[in-house]
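Following: one structure in structure tokens, then a few remarks.
Nothing in this text is a laboratory measurement; each read-out follows from the coordinates by a stated rule. As the structure is a prediction and not an experimental result, all values here were calculated from the model. Don't worry about glycine lacking a Cβ; one is built from the backbone with ideal geometry, like all the others, and counts go over all protein chains shown.
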2 protein chains.
Amino acid sequence: MPEIITKTAPNRRNRQYEKRLDSILKAASKVMAEVGFEGASVRKVAAEAKIGLSGIYYYFKSKDEMLFALQESTFSRLADTLKDRLKKAESSKEKLKAVIDNHFHFFSEHMDDLKVCSYEIESLSGEYYKEVLKIRRRYFDLVKEVVAENIPTGSLIDPDLSALFLFGSLNWIFMWYDPKRNADINSLSKQLLKIYLEGIAT
Amino acid sequence: MPEIITKTAPNRRNRQYEKRLDSILKAASKVMAEVGFEGASVRKVAAEAKIGLSGIYYYFKSKDEMLFALQESTFSRLADTLKDRLKKAESSKEKLKAVIDNHFHFFSEHMDDLKVCSYEIESLSGEYYKEVLKIRRRYFDLVKEVVAENIPTGSLIDPDLSALFLFGSLNWIFMWYDPKRNADINSLSKQLLKIYLEGIAT
DNA sequence: CGATAATTAGAACGAACGTTCGATTTAATT
DNA sequence: AATTAAATCGAACGTTCGTTCTAATTATCG
């Protein structure tokens, strides 16, 4: 039963600590996005981060904690940028556009991070798992509310289901998106918004 | 560079061979769905299949081949049931309903198989990877055609993108579906069809 | 039953795994 | 420059990994 307390650096004299930690997380997300959490050995992550194997354990007490830190950091950033965008949106439709835009843009800028977050929840267990679930839940509720606003009153459409289907379209992008081949993100975003609001048959 | 030739059983006198092979594939999909391909050790699969560790290698020459066989078998069945349903459909809309129904029903009956197929493509490499890609491509094209039929002429909607978004909604179900909590499959299917055709805002 | 082939089991291989530890190097403070 | 703490390193630990043997078992056929 791991404790989840953000390691508070004790008055560090060397200011490189945070940067090093970030660079390890970046390496971790790159390796894990490529070969999955189980396949991402601590040795590979260490090599990618240009640090010794044991050096990793100066920053994380276990491989699990590393994944947890990565997920927490990523989801926090994703939710923060969404909240910012939502503030600026003035209609329900604009809010929905903000959700889709934010997700796709965040994806295009942090593919590895988001991929790991999307596919490696079940690799966590115990307290780590529960905590990440809570963070995800908050993000989901945020989106669900926006979705609900776009469903006319009296409609038979279920907001929960709709939001889940939307998440599917948003996250499945990992399976096919190729920066070289595919259209720009804004075009993707526009198309999904149109389909999700009006359907393909209109 | 592995050869991909379906092992032709040489006039077996013991008819248990096929059943044993199926039981191993079933065990493999169960374990892999739970802990992923990397996490699914051959020992765990063997234990689940109630066979000795080395017994596995009588049926498969490597762990990779096991995953390949599982994916090939699953996708073949999925595509076959879809083709059957499409034959019976009489309108474009009914065809689309067939696609969604088929996918969700296949999911509910073979969750483990489909989960592994959805998330473990990249675990394959070389010839195995290429071959599975071809099979997936065929299935995708099948669906894309149905999607395209449902897009009015002159519409700005891109069939490829639409199909990909649909696949997202269909496959993301792994992330949230709980047989105990969620509504029945038919209800899910209906909702997605409605949303996908008409949007949430109508 | 005896022969033959199909199937399983057990032990072993080197390699890679996550983690720990003590020693060493680097940087900041006096 | 000396001291102290932060940061890194290399070696080693016990396990587990995928795979390969050879021997034993089982089922089928003459």
Q) Could you give the longest part of chain B that holds none of the GluC sites (Glu not before Pro) found in DSSP loops with at most 10 neighbouring Cβ atoms within 10 Å? A) B:91-202
Q: Between B:I121, B:I157, B:I100, find the one with the highest GNM mean-square fluctuation for chain B; connect C-alpha pairs within less than 10 Å.
A: B:I157
Q) Is there a pair in B:K30/B:K61; A:K19/A:K95; A:K95/B:K194; B:K26/B:K115; B:K30/B:K50 whose C-alpha atoms are over 24 Å apart, and which pairs would that be? A) A:K19/A:K95
Q | Summed residue charge, Cβ within 12 Å of B:I195's Cβ, Lys/Arg positive, Asp/Glu negative | A | -1
Q) Hey, for B:N186 with labels 7 Å out along Cα-Cβ, what do the inter-copy distances come to in nm, ordered shortest first? A) 4.7
**Q.** trypsin sites (Lys or Arg not before Pro) restricted to region A:138-202 and DSSP loop, no more than 15 other C-beta within 10 Å
**A.** A:K180, A:R181
Q: Calculate for chain A the 222 nm mean residue ellipticity that helices alone would give, adding -39,500 (n - 2.57) per DSSP H run of length 4 or more and normalising by residue count, nearest 500 deg cm²/dmol.
A: -22500 deg cm²/dmol
Q: Please find, in a Gaussian network model of chain B (springs between Cα atoms separated by less than 10 Å), the residue of B:F60, B:F165, B:F75 whose mean-square fluctuation is greatest.
A: B:F165
Q.
Order these by the 10 Å Cβ neighbour count, fewest first: A:W172, B:W176.
A. B:W176, A:W172
Q) Out of every Cα-Cα pair in the protein assembly as shown, what percent are more than 29 Å apart? A) 50
Q: Multiply the residue separation of B:V35 and B:K88 by 0.36 nm, subtract the distance between their alpha-carbon atoms, and state the gained length in nm to one decimal.
A: 15.3 nm
Q) In whole percent, what relative contact order does chain A give with Cα contacts below 8 Å and a gap of six or more residues? A) 24
Q: Provide the net charge surrounding B:P159, with neighbours chosen by a C-beta distance below 12 Å and charges set as Lys +1, Arg +1, Asp -1, Glu -1.
A: -4
Q.
Just to be sure I understand: with springs between alpha-carbon atoms less than 10 Å apart, which residue in B:L67, B:L82, B:L192 has the highest mean-square fluctuation in the Gaussian network model of chain B?
A. B:L192
**Q.** Alpha-carbon centroids, region A:126-202 and region B:156-202: separation in whole Å
**A.** 11
Q) B:S29: net charge of surrounding residues, Cβ under 13 Å, Lys/Arg +1, Asp/Glu -1, itself excluded? A) -3
